Amino acid sequence: MTVGIVGYGGYVPKYRITPDNIGKVWGVDGTARGKGLGIQMKSIPSPDEDVITIAVTAARKAMKGCDVCPDDIGAIYVGSESHPYAVKPSATIVSEAIGAAPDLTAADFEFACKAGTAAIQTCMGLVTSDMVKYGMAIGADTSQGAPGDPLEYSASAGGAAFLIGKDNLIAEINHTVSYTTDTPDFWRREGQMYPKHAGRFTGEPAYFKHINACSHKLFQAMGTKPDDYQHAIFHQPNGKFPLRIGKSMGFGPDQMKYGLLTPIIGNTYSGAVPLGLTNVLDHAAPGDRIFVMAYGSGAGSDGFDITVKDSIDDYRTGDWCSLDCSNQDLIYLDYANYAKFRGKIKMGGV
Amino acid sequence: MEVARFWRENQSRYNMQGKKCGACDIVYFPPRDLCPKCRRESIGKMEKIKLSGKGVVISYTEVHDGLPAFSMQVPYTMAIIELEEGPRITGQIVDVEPGEIKIGTEVESVFRKLGQEGECGVIHYGYKFIPKP
């Protein structure tokens, strides 16, 4: 059963802070810390931006490039670990804001950094079973990092949306696999402002183990090897992990250059792999094959094998614009303004 | 009851949905049920219309002593914008540095948080504007 991407859009807020500015506040060599993480800067949401505004912006871009009536969208899922409401769905607001409500199902997903790809898988299932004509899957975050924590150098904001369907595909999803275990490498308890992580435990038994296992499942299922793909996208909590695991499997820097955005926007959590995929689709040629491997703490990996269709050239014309447009005219903030924007300054009774 | 009042206006705030008079073709935003020019002639002829969100700055001001709800955004820019379809509306222009906006600057709408009813209350969303990329 053919299923794939009909439209896509990405959005990253235009505010940035560099590791040097963060390090100065905490008595740390921020430049060295940034180099160690492979991060040159990270995005910051404006005070009037949250997961819902990012999701709506990305979803509208996804709809702009394709000739699909919003009424034909039968499902909308928003994956994030920073939904503005604990109870009240982000997805209902997105549904209204793109004109898809009321005849659809909608829900919010949470699986650390892979909630967006879980949403894609769910939409694939609904579309292939003919329960819906189109499904919208979104991964977005305004991720949290406690002041002074190593996460503060990477936790950023952004998101991407994918319209999943069977007709007028710009990229076909050939297959998807997952690998899931109970691994407590990173978590945030109910009501807590910032997440906790298990330090080095987040590496080998978590990120690397799950991505390795899921990747081998995908290679085995498709009968492929790294050389068969023009592009590879790995979850990117920093700029180093994806390059390390990609290299260990046999992927080269050229295959990973478009899918790795963390060095210039930081770790957008649920938005990370989806945004990497939008940037690859922005640059891919018809016929290109894409290897996608998401990871979410807690823990699990979702893998996708995707082939770009000829129609992508028509999709990327006119005033269409995916990710590049949201990365122009950047505004750099110092730590004081960053803290103000992120609500880290408590205002008492104001 | 702020929740219900904002909820009733969600369609126009989220999607810039206005009304067009079928008798004289004038577009109204926010939407009106009756055309003040055609009056009874417009009854039953007011059609919903989704505005493009594109327009031009007619006038603007930089707010340095803002409302408490906007204290994190000071200084911020408020402008009167003439939309492509004709209506002139007041809106905040975001993601700009002070001095960046001029009369005649082309803008387009974006979806942003308008405010919230305290830390525990409902969040209101709607249109603001950015300079046209």
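The values are calculated or read from the model by the stated rules, or taken from the named source; none is laboratory data. Note that the structure is predicted; figures quoted are calculated from it, not measured. Counting neighbours? That spans all protein chains shown, and the Cβs are built from the backbone with ideal geometry, glycine included.
Residues in the stretch A:237-275 that are touching an Asp or Glu at 6+ places or on another chain (Cβ under 6 Å) and outside any loop (DSSP other than H, G, I, E, B): A:Y269, A:S270, A:G271.
Being in contact with a Gly (Cβ under 6 Å, 6 or more places away or on another chain) and part of a strand (DSSP E or B) is the filter here; which residues of the stretch A:276-307 pass it? Residue satisfying the conditions is A:M293 alone.
Would you be able to tell me the number of residues in the stretch A:24-39 that are crowded, with 18+ Cβ neighbours inside 10 Å and out of contact with any Asp or Glu (no Cβ under 6 Å at 6 or more places or on another chain)? Going through the stretch A:24-39 one residue at a time, the tally reaches 5. Check the stretch B:8-18 and report whether any residue there is within 13 Å of chain A (Cβ to nearest Cβ), assigned to a loop (DSSP other than H, G, I, E, B) and surrounded by 17 or more Cβ atoms within 10 Å (Cβ to Cβ). So far as the stretch B:8-18 goes, yes, one or more of its residues are within 13 Å of chain A (Cβ to nearest Cβ), assigned to a loop (DSSP other than H, G, I, E, B) and surrounded by 17 or more Cβ atoms within 10 Å (Cβ to Cβ). Against the list (1) of a type in the set (S, T, Y); (2) more than 23 Å from A:F304 (Cβ to Cβ); (3) not in a helix (DSSP H, G or I), the condition A:T2 fails is (2). Kindly indicate whether A:T142 is free of Cβ contacts under 8 Å to residues at least 12 places away in the same chain and crowded, with 21+ Cβ neighbours inside 10 Å. So A:T142 does not fit the description; no. For the stretch A:222-236, filtered to residues that are part of a helix (DSSP H, G or I) and in contact (Cβ under 8 Å) with a residue 60 or more places away in the chain, the residue that is nearest to the chain's Cα centre (by Cα) is A:P226. Quick check on the stretch B:31-50: of everything there that is touching a residue at least 24 places away in the same chain (Cβ under 8 Å) and not charged (D, E, K, R), which residue is nearest to B:G126 (Cα to Cα)? That would be B:I49. Only a single criterion out of (1) hydrophobic (A, V, I, L, M, F, W, C); (2) surrounded by fewer than 19 Cβ atoms within 10 Å (Cβ to Cβ); (3) out of contact with any helix residue (DSSP H, G or I) (no Cβ under 6 Å at 6 or more places or on another chain) is not satisfied by A:A107, namely (3). For the stretch A:33-61, the candidate set comprises residues that are in contact (Cβ under 8 Å) with a residue 60 or more places away in the chain and among the charged types (D, E, K, R); within that set, the residue that is farthest from the other protein chains (Cβ to nearest Cβ) is A:R33. Among the residues of the stretch A:322-335, is any surrounded by fewer than 20 Cβ atoms within 10 Å (Cβ to Cβ) and over 30 Å from A:I22 (Cα atoms)? No, the stretch A:322-335 has no match at all. Looking only at residues in the stretch B:87-133 that are away from chain A (no Cβ under 12 Å) and at pLDDT below 95, which one is nearest to B:N10 (Cα to Cα)? Checked the stretch B:87-133; the qualifying residue nearest to B:N10 (Cα to Cα) is B:E117. One residue alone among A:G239, A:G252 is more than 20 Å from the chain's Cα centre (by Cα), in the same structural domain as A:P205 (by TED's automatic domain parsing) and of a type outside the set (K, R), and that residue is A:G252.
Report yes if A:K114 is among the charged types (D, E, K, R), within 14 Å of chain B (Cβ to nearest Cβ) and in contact (Cβ under 8 Å) with a residue 60 or more places away in the chain, otherwise no. So A:K114 fails the test.
When the criteria are applied in full, A:G74 meets the requirement of being over 18 Å from A:G116 (Cβ atoms), touching a Leu at 6+ places or on another chain (Cβ under 7 Å) and away from every other protein chain (no Cβ under 13 Å).
Scan the stretch A:168-179 and give yes if some residue there is touching a strand residue (DSSP E or B) at 6+ places or on another chain (Cβ under 9 Å), in a strand (DSSP E or B), more than 30 Å from A:P70 (Cα to Cα) and in contact (Cβ under 8 Å) with a residue 60 or more places away in the chain, otherwise no. The answer is yes; a qualifying residue exists.
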